[in-house]
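Reviewing the structure listed below.
The values are calculated or read from the model by the stated rules, or taken from the named source; none is laboratory data. On a predicted model such as this, the values are computed, not experimentally measured, just so you know. Because the Cβ atoms are built from the backbone with ideal geometry, glycine has one as well, and the counts that use them run over all protein chains shown. These area figures cover heavy atoms from the full protein model, side chains too; ligands, DNA and RNA do not enter into them. Shrake-Rupley method; radii C 1.70, N 1.55, O 1.52, S 1.80 Å.
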Amino acid sequence: MLTLAKPRVGQVLAKRYSSLNFGRLAPGAMNFFQKERLPANTIIKFVPQQTAYVVERMGKFHSILKPGIAILLPVLDKITYVQSLKENAIEIPSQNAITADNVSLELDGILYVKVHDPYKASYGVEDFKFAISQLAQTTMRSEIGSMTLDSVLKERQLLNTNINRIINDAAQEHWGVECLRYEIRDIHPPQNVLEAMHRQVSAERSKRAEILESEGVRQSKINIAEGEKQSLILKAEATAMSIEKIANSISKTPGGKDAINLQIAQEYIKEFGNIAKETNTIVLPSNLGDMSSMMAAGMGIFKSMNNSKSATEASVDAEKK
């Protein structure tokens, strides 16, 4: 008859606890309660730079050893805490938070802390890294709950500053730890929110493109109108200058008026020859054979124009006087 050996109780408990995976962490995870092996009391100790050893004598706090050489009493003295005075980076695990407009976000961050009072960091809290991590998570959820999604995305620096200030109010005075800065590393909105944001960006870009195109058409029309305006002004100025020069030449040249009268009469007669070229209907004056009367009519038109001009100038001079 075979008898099976009963497993030891310790082995069973070890298997059960190993199945729960206590004390073992996945790569990159944090174990705040996993303490480092403390230095033994070798009577003469060399404390490293930027490190503080907290010594208890017979179970009561005795002193904090500064960097350099230190002498301990055997059996009575014990190094119970080792605090690093360098800046430490604490990874804040990913967590969910709901914004003021009911959007669920997944965030994680990095917290940079430094111990400035080793006594408070050792006796003020069980594990200051774990405490600060929990405080940072609750503070982050509280701050994000008071902001909309757009504010969270646009004002990350303000959010970091507020979280840093709230952590310092608790940690600096009670735990002897100063939070130097807090940085939100990643923000992951839900997939439907991301799709809506992409559509919004596309619509905004299309809107800006249409606005820029309409502005270009508007500016083009303004430029064309300005060009036509300047062209008309320049033509008018050129015509006025030419008329002014002709008038000055006529008035200053002896026999100028007679020459103009002759030119007007010639143009008047010449236009009758062009009437038949443009239309089949010809209108002829009744006294076409009397050339002298036609020239007299042309002279009369010119004289009437001169008389009206002289009357206008006379009235202008009278008004000035």
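Worth a mention:
- Residue identified as at pLDDT 85 or above, surrounded by fewer than 19 Cβ atoms within 10 Å (Cβ to Cβ) and part of a helix (DSSP H, G or I) among Arg141, Arg181: Arg141
- Arg208 vs. criteria basic (Lys, Arg) and closer than 27 Å to Ala100 by Cα: no
- Any hit, segment 92-99, residues being open to solvent by less than 60 Å² (accessible area, probe 1.4 Å), in a helix (DSSP H, G or I) and either among the small types (Gly, Ala, Ser) or modelled with pLDDT under 85 (or both): no
- Hits in segment 152-166 - residues which are farther than 12 Å from Leu105 by Cβ and open to solvent by less than 50 Å² (accessible area, probe 1.4 Å): Asn160, Asn162, Ile163, Asn164
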